Amino acid sequence: VISVLNKPVEDWFNRINYSNGNESGSSLLPNGKLILVQDLEGVKFKSVEDLSPGDTLFNSPTTTSEITSINNEYYSGSMVMIDIETSDVFIAGTDTNEILNTLVVHNFCPQK
């Protein structure tokens, strides 16, 4: 981790809702975030805006969930931004539901 910033945010995000059959979770993600999923073509990183209901998310190395819906949502408030070293893969999430509020993401940014 290079830095952790608590930053005010006011923008449109993608609300990804998912379930593993027993529990449900959701994540609010910006465009361009790469998420590890399995779709009809196999396992790969997909940009949030290219996700579809039915894609399988990896919540941890041993837990998966199916995307049930994706909605645009306007968010105004504070968000913690973590700057990870360039092109690293990591598990991101919250502490409210350890498994279903985590996703395997990639922070690759072509602008860097």
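The values are calculated or read from the model by the stated rules, or taken from the named source; none is laboratory data. Values in this document were obtained by computation on a predicted structure and should not be read as measured data. Backbone-built Cβ (ideal geometry, glycine too); neighbour counts: all protein chains shown. The area values use the complete protein model at the heavy-atom level, side chains included, leaving out ligands, DNA and RNA. Shrake-Rupley method; radii C 1.70, N 1.55, O 1.52, S 1.80 Å.
As for region 22-32, it holds at least one residue that is farther than 15 Å from Asn72 by Cβ, in contact with a strand residue (DSSP E or B) (Cβ under 8 Å, 6 or more places away or on another chain) and of a type in the set (S, T, N, Q).
Within region 36-56, does at least one residue satisfy the condition of being open to solvent by less than 40 Å² (accessible area, probe 1.4 Å), more than 25 Å from Ser78 (Cα to Cα) and either touching a helix residue (DSSP H, G or I) at 6+ places or on another chain (Cβ under 8 Å) or among the polar types (S, T, N, Q) (or both)? Scanning region 36-56 turns up at least one residue that is open to solvent by less than 40 Å² (accessible area, probe 1.4 Å), more than 25 Å from Ser78 (Cα to Cα) and either touching a helix residue (DSSP H, G or I) at 6+ places or on another chain (Cβ under 8 Å) or among the polar types (S, T, N, Q) (or both). For region 59-82, filtering for residues that are open to solvent by 40 Å² or more (accessible area, probe 1.4 Å) and within 15 Å of Asn17 (Cα to Cα) leaves 7.
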